[in-house]
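Taking it in order: structure first as structure tokens, then the write-up.
The values are calculated or read from the model by the stated rules, or taken from the named source; none is laboratory data. Quick caveat, the model's predicted, so the values are computed rather than measured. Note: ideal-geometry Cβ built from the backbone for every residue, glycine included; neighbour counts use all protein chains shown. Heavy atoms of the whole protein, side chains included, go into the accessibility calculation; ligands, DNA and RNA do not. Shrake-Rupley method; radii C 1.70, N 1.55, O 1.52, S 1.80 Å.
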Amino acid sequence: MSLQMVSSVSNSSLLQPGFSLLNFDGHVFFFGQKGWPKRSCPTGVFLLDIKQNELKMKPACFSKDSCYLPPLRYPALCTLRSNARSDEYQYIIHGGKTPNNDLSDKIYFMSLVSKNSKKMTFQCSEKDLGGDVPEARYGHTINVVHSRGRSMSVIFGGRSYTPLAQRTTEKWNSVVDCLPSVFLIDFEFGCCTSYILPELQDGLSFHVSIARDDTIYILGGHSLQNNTRSPNLYKLKIDLPLGSPAVTCTILPGGISVSSAIVTQISDTEFVLVGGYHSDNQKRLVCNTIVLEDSKIEIVESVSPEWTPDIKHCRMWFGCDMGKGSVLLGIPGANKQLIPDANYFYILRCKGAEEDKEEELTTQICSQTSSEDPGDSTPFEDSEEFCFSAEANSFDIDDTDTYNEDDEEDESETGYWITCSASCNIDINTWVPFYSTELNKPAMILCSSGAGHWVHAQCMDLSETMLLRLSEANVKYFCNKHVDLNKGLQTPQKVVCLKKQPMKPLRKKKTMKLSSTKKSFLRRLFE
């Protein structure tokens, strides 16, 4: 085994706990960032380019007929092939956490639709399921089994939030173990069936699962309810006849009490188990070799690499299988770097140089690697575990599209992520689409006051109907601050004042003066 450090360029802060890596045709793509995607890469998917031990990011794109794939952290992923020996495959992505810490129960299919020397285009579609649909969760595993010419996906384990009826204010976002049910999913008909097996008593999360033909081996895992790491080794066998599937479970000896371990395949029948935790405050620095032959499994201790002092003394670590016998490991940079969110990364190669060649890996591996997400809670609990999945490789794709974080606008002050008003609550890390027309950025509208300024439609309490009307009509809009009426939506029409003609002054009536003689005559007359 050899351990080599990887230097990240100016985009190391993107490599935060919770990401996943997808391997398409020898190229590795980064998926599932912690915040919502920025304008430079609205898809949130990047090509992970490793050249001369330097790591770079390049934005990826999706086809026009793709659905929106949110950046999910801690999802379950696996590859789906038409049969066990097929070269063509697509990724299944289930569950995970959104940037708002909501849990997803959706299932996505992601495939490569076009490729050239400078650009790779993906297609993503969402699959609707019926029957016993698994609840929203994270920290679980998904595998595909093949039996009698049929294929099905198997979901097991994970954690979810406490049901709404049982939540309290103090523990609103508390997580619990999902029930130890085994879910069989038939994607051909879109139906899902759950099985309760007596051998599976406790819920597990962040375990390792290895699928081969019609068998899945489940190793380790952590139980929140008992705060234990299972020493059991479970063997799930799925038989897929023309009728109803048959699922059986057997507890085998020789298991390992570990959570968040990483498995990589070094040959058709051999695997290496790396990393993980013995307990909440003890990393597992021992490596094991797993051999699968003739429906049997054997686990033996193997020679461990020479861990660096940084790895030995760090409080937590994370990583995942990179394919072809390599593992990507990360440790927090913490106080050793100017960027507080930056991490150190290493590539662990478990195969010798003479064995490091192209080979088809027909066995599926799904492991949920872990460590506490520093942004959510204290380190070294298994409540926030995360997964890497990649392949160490050199890429020949042109460097002109390399993502450079220094080129990214500070969208907290400009663009879509401004503070548009005193009551503005739009934040790049917590925002979710509010209108049906929104995808990865909030809808904005121009206020015509003065030189004009942009405001968020959601902050102005605009309905979707009114927003569409204002975007289509040729009218001026004034925000809540610059309009007399609190909900004014349009500049009042200018009223032309009519000029009033000045009134002519009234002439004074002439009075007739009477002499004293006439006055005396009139007085006597009326008497």
Once ASP310 and SER279 are pulled to full extension, the length gained, defined as 0.36 nm per residue separation minus their Cα-Cα distance, is 9.2 nm
In segment 48-207 the accessible area split gives carbon plus sulfur, as whole percent at 1.4 Å, a share of 47 percent
With R₀ set to 41 angstrom, the calculated FRET efficiency between the beta-carbons of THR98 and ASP294, to the nearest 0.05, is 0.40
Ranked output for segments 174-185, 315-326 by mean other Cβ atoms within 10 Å, highest leading, reads 315-326, 174-185
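Give me the extension gain from ALA246 to GLN201: residue separation times 0.36 nm, minus the current Cα-Cα distance, reported in nm with one decimal. Working shown, then result.
Working: separation 45, 0.36 × 45 = 16.20 nm, distance 1.91 nm.
In short, 14.3 nm is gained.
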From the cross-link list LYS235/LYS296; LYS56/LYS312; LYS58/LYS115; LYS34/LYS58; LYS56/LYS97, the entries with a Cα-Cα span beyond 19 Å are LYS56/LYS312; LYS56/LYS97
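Once the Cβ-Cβ distance between THR168 and VAL133 is put in as r, and R0 is 22 Å, what FRET efficiency do you end up with, to the nearest 0.05?
0.25
Could you order LYS97, LYS127 so the one with the most accessible surface comes first? Probe is 1.4 Å.
Values: LYS97 5, LYS127 65 Å².
In descending accessible area the options line up as LYS127, LYS97.
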Judged on accessible area alone, 1.4 Å probe, highest first, ILE290, ILE297 line up as ILE297, ILE290
Under the 7 Å Cα-to-Cβ spin-label approximation, ARG469 and HIS453 lie apart by a distance in nanometres of 2.6 nm
Taking 0.36 nm per residue of separation between THR269 and CYS424 and subtracting their Cα-Cα distance, the length gained on full extension comes to 50.1 nm
For segment 157-256, dividing by residue count, accessible area per residue (probe 1.4 Å) in Å² works out to 47 Å²
In nm, the gap between the two label points placed 7 Å beyond Cα toward Cβ at SER111 and LYS237 is 3.3 nm
